[in-house]
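The values are calculated or read from the model by the stated rules, or taken from the named source; none is laboratory data. Everything numeric here is computed off the predicted structure, so don't read it as measured data. Every residue, glycine as well, gets a Cβ built from its backbone with ideal geometry; the counts of neighbours run over all protein chains shown.
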Amino acid sequence: MKYPIRISIVLSIASFVMNQNIQAEAQITFFFRPYPEFAFTDEDTAKTCKKCANPDYSSRQVIKGLIDQNLVSGIYATYGGFIASSSADGQIAFPRKHEAPLVHLVETTRITPITMNSTTIAHWQLEDKVPATLYKVERQQDDATGIYFWDVTKEEIPNNKQLPLTSILIFAKPDNLYIPTGITVTDDTPNLHLPDIYVKPEINKVSNAFYVLYLRHFFGPVKNALKKEKKQYAINLTY
């Protein structure tokens, strides 16, 4: 008479497993790659020697050499309320939070959060007189072959300097990164694997990381705070 009990247990476990919503969230990801190195010209050598005559420049270069052992790691970016830094192999990944198969890439070192209240960000806005570039990366399909591809185009900065909600903001000077424009073949999947971005040796990851620390309080976890009213407790979301 033990078999019916065992069958009941098995059916209960199967029912529990089938009722679970086990789904991996779609991702947006891309890789930083080292910018290809080219031979120095005489003009480049002369410029470098002139900079090295400045003790402050020489000291900063020594510090960078001690810290930046991996060019593509430790580069910060933010998207959809998340902030991340690139891994040792240059990868950055975010959970996908919008439906359209397109992403805007923004390069800049300073941004201004526009808040709806003291803790909730409505959108990010570029700062005046701070260099910035904007690219649109859109997935399209070729009518003749059915092949999917990324089309990367450079866009004008909006007059109001407000960034689209589909933006991935990379904390770096535009001159320190290279985003190739044009077409790159891809697949039609929920995960958006964007084309590679190339990093130049001049990037100052230390300075960019310190600025991210200044913004860290906008990315804190949400906590439930209870506020007692006359006949009940009310829950307020706070950071």
request  = Could you please find all residues in region 150-164 being surrounded by 14 or more Cβ atoms within 10 Å (Cβ to Cβ) and either part of a loop (DSSP other than H, G, I, E, B) or not β-branched (V, I, T) (or both)?
outcome  = W150, D151, I157, K161, Q162, L163, P164
request  = Name every residue in region 120-134 that is closer than 29 Å to S73 by Cβ, in a strand (DSSP E or B), at pLDDT below 95 and out of contact with any Leu (no Cβ under 8 Å at 6 or more places or on another chain), in order of residue number.
outcome  = I121
task = List every residue pair whose Cβ atoms lie under 9 Å apart, where the two residues are 6 or more positions apart in sequence or sit on different chains, the first residue falls within region 187-203 and is surrounded by fewer than 19 Cβ atoms within 10 Å (Cβ to Cβ), and the second residue, located anywhere, is aliphatic (A, V, I, L, M) and at pLDDT below 95.
result = T189/A26; P190/A26; N191/A26; K200/L71; P201/L71
message = I'm trying to understand the selection: among the residues of region 81-117, which are over 15 Å from F171 (Cα atoms) and either touching a Cys at 6+ places or on another chain (Cβ under 6 Å) or free of Cβ contacts under 8 Å to residues at least 12 places away in the same chain (or both)?
response = E99, T115, M116, N117
inquiry  = Can you tell me which of (1) over 16 Å from the mean Cα position of the chain (by Cα); (2) farther than 15 Å from A77 by Cα is the one V137 doesn't meet?
reply    = (1)
message = Based on this model, can you work out whether D142 counts as over 14 Å from the mean Cα position of the chain (by Cα), within 30 Å of A24 (Cβ to Cβ) and among the acidic types (D, E)?
response = yes
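Taking region 109-164, which residues are among the aromatic types (F, W, Y) and closer than 28 Å to Y211 by Cα? Don't jump to the end; show me each part of the working.
Step one: filter region 109-164 for residues among the aromatic types (F, W, Y), giving 124, 135, 148-150.
The answer is W124, Y135.
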